[in-house]
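Take a look at the structure below.
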Amino acid sequence: MPEILKPSDTAGSAKRISWFRLITIRQFLFWVAIFVVTRHFMSGADHFLQLTPEALGKYFNYKWVLIAHITGGGGALVLGPLQFWSRFRARYIKLHRWVGVGYLLAILVSSICAVILSFTTVYDVNWAYAFSAQVWVSVWIISTVIAYRAALQKKFKLHQEWMTRSYIVTLAFIVSGLTLKFLLKIGFGTFEAISPSLFWMGWSVPLFIYQVVLSWKANK
């Protein structure tokens, strides 16, 4: 005897299919990759949650600043890709805006904490490390503020371009972190020697590439 589907069952199936059609496989895999890498980096900071001088080291006096910085940065990394999900944005504009607000708040928290850390504890490494962190967080804040102002002014093309720049700078955490881990593993210099250069590279090179892509598209 054939199974009789209830209206609620068909509605649920249609809803699942509708959500599935909103995202491409490439977008889904990219978001999963970001989530996995973010989780990997954040799990590496789990020992900070012990809140002891031994676990926190130089960060002990700024433990809550550090934890807020890591948490906010992780939130921005995970929420960022949803801002570029065009079908989702077109169909659920209000939800898109709330996700955007969440992204902005995550960056606000993480960047303020990053400013505090960049002018205090990071000097324990060296001056070059501190300066590279200060420039990095400045670019992060400025690009995000410009994206936000463009949205308020309804300049949505400009908003999208600066949101992309903002997320590129956000992703620099992953780019620099993975590169640093690899180079340290193969014995290519010390943390103090190579980390400042990697901090610069993590956001400046991707931003340059993005600008080249924009220029190329504009001249097509």
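We did not get these values from a lab; they are worked out from the coordinates using the rules stated. For clarity, every value in this text was computed on a predicted model and none was experimentally measured. As a convention, Cβ positions derive from the backbone with ideal geometry for all residues, glycine included, and neighbour counts pool all protein chains shown.
What to note about this one:
- Residue satisfying all of: in region 116-141; under 19 Å from the mean Cα position of the chain (by Cα) and of a type in the set (S, T, N, Q); surrounded by the most Cβ atoms within 10 Å (Cβ to Cβ) among these: 132
- Checklist (1) without any contact (Cβ under 8 Å) to a residue 40 or more places away in the chain; (2) among the hydrophobic types (A, V, I, L, M, F, W, C); (3) closer than 20 Å to residue 164 by Cα applied to residue 107, failing item: (1)
- Within region 175-201, residues that are in contact (Cβ under 8 Å) with a residue 12 or more places away in the chain have Cβ atoms under 7 Å from residues that are of a type outside the set (Ser, Thr, Tyr) and not in a helix (DSSP H, G or I) in these pairs: 183/189; 192/125; 192/126; 194/188, counting only partners at least 6 apart in sequence or on another chain.
- Residue 197 being surrounded by 15 or more Cβ atoms within 10 Å (Cβ to Cβ) and within 19 Å of the chain's Cα centre (by Cα): no
- The set of residues in region 200-220 being of a type outside the set (A, V, I, L, M, F, W, C) and either loosely packed, with under 14 Cβ neighbours inside 10 Å or in contact with a strand residue (DSSP E or B) (Cβ under 8 Å, 6 or more places away or on another chain) (or both) consists of 211, 215, 217, 219, 220.
- Members of region 142-174 that are surrounded by fewer than 22 Cβ atoms within 10 Å (Cβ to Cβ), farther than 20 Å from residue 90 by Cβ, β-branched (Val, Ile, Thr) and touching a residue at least 12 places away in the same chain (Cβ under 8 Å): 146, 174
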